Amino acid sequence: MKRLGKTRRTRRTVTVGLCAAALAAALTAPAQAEQARSGTRGGGAGPHWALKDTGTDVRFRGLSAVGRDTAWVAGSKGTVLRTTDGGTHWRNVSPPGAADLELRDVEAFDGRRAVVLAIGEGEASRVLRTDDGGATWTESFRNTDAKAFYDCVTFFDHRHGLAMSDPVDGRFRILSTDDGGRSWKVLPSAGMPAALEGEAGFAASGQCLVTSGPRDVWLATGGAARARVLHSADRGLTWTAADSPIPAGDPARGVFALAFRDRAHGLAVGGDYRADQPSPRAAAVTRDGGRDWTPAARPPAAYRSGVTWLPHSRSRALAVGPTGTDLTTDGGRTWRTVDTGSYDTVDCAPDLGCWASGEKGRVARLER
């Protein structure tokens, strides 16, 4: 029986890997780009973003892809939606009394358990958790420091996670949980490098704080003279900082999102979020865990706020922003636009369930 089980797992791994390669290859086809722009689905055409009717016009900057069938989105007016049928139906599972909250991040463990982050100054920054698909919510953290402003939350596994705040007393503040977000504590700041003048995180896509593996975590910054990426290999206790080539020097510029496919290979995207400002050199890549960053030889043409690796791929990833979706097939060195729809964030699950969300209630699943 052990041998049979191993054979089944091997077959599934090979099948998923082949599907991932076919999915990414098809994304590069001109026919796919045209189909994505039109939002139609035709026989024989390649994978494309298919919009799903959410029944709302709120902006969803928080997104968690559990799989092709199940996804969570979180956004303005305290809104949380959940689908378990691939986006055909969405259930409003918003926390009661949260209409004044700005939800910018959601991390779901499955179709029933999820953690959402509300951003803002002082008590506007909160963390809430559900264990029953959003039927009930428990507030597990409320910020009481007027100087703190929380931007992102991330998890290493179902128990261990972190949340980050803009600098307090000159250093980024880190929250830690070891019980799945049911309780939180502020980590000591001694291992955190001093923040630069004006440096902060961007609560634009829930991807300013990301993990890979059981202990590694990265934090993206902007707003200062240099855009940096901070890395911790011990779950947030000690950090090192590295400059990125993504332009900064303005509160609207910097690194907005990160994605790591393992503890060495990562992508950074960002730019200037103002629509009337150009965003040159808006992407970078690292192959040494964030110690060194190289600018993309051909970056996205505009600001990008979200990025994710395609599942089971060592070289393909998607980046999204208000002006479109870009694909890389060479690990982040070059990018090409494959869709012109507006999205703020993007996420993929291991079963190739890729989702994107953004303004005006827009949520889409990558169809193949």
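About the Cα centre of the chain, how large is the charge dipole given +1 on each Lys and Arg Cβ and -1 on each Asp and Glu Cβ? Please answer in debye to the nearest 20.
1520
Computed from the coordinates I sent, percent of Cα pairs over 34 Å apart equals one of [x] 20; [y] 24; [z] 34. Tell me the label.
Working out percent of Cα pairs over 34 Å apart from the coordinates points to [x].
Could you check which residue among Pro96, Pro350, Pro280 shows the biggest mean-square fluctuation in a GNM of the chain with a 10 Å Cα cutoff?
Result for the chain, Cα springs under 10 Å: Pro96 fluctuates most.
Bear in mind these aren't lab numbers, they're just calculated from the coordinates by the rules spelled out. Every value quoted in this text rests on a predicted model; they were computed, and no experiment measured them. Virtual Cβ from ideal backbone geometry, glycine too; neighbours counted across all protein chains shown.
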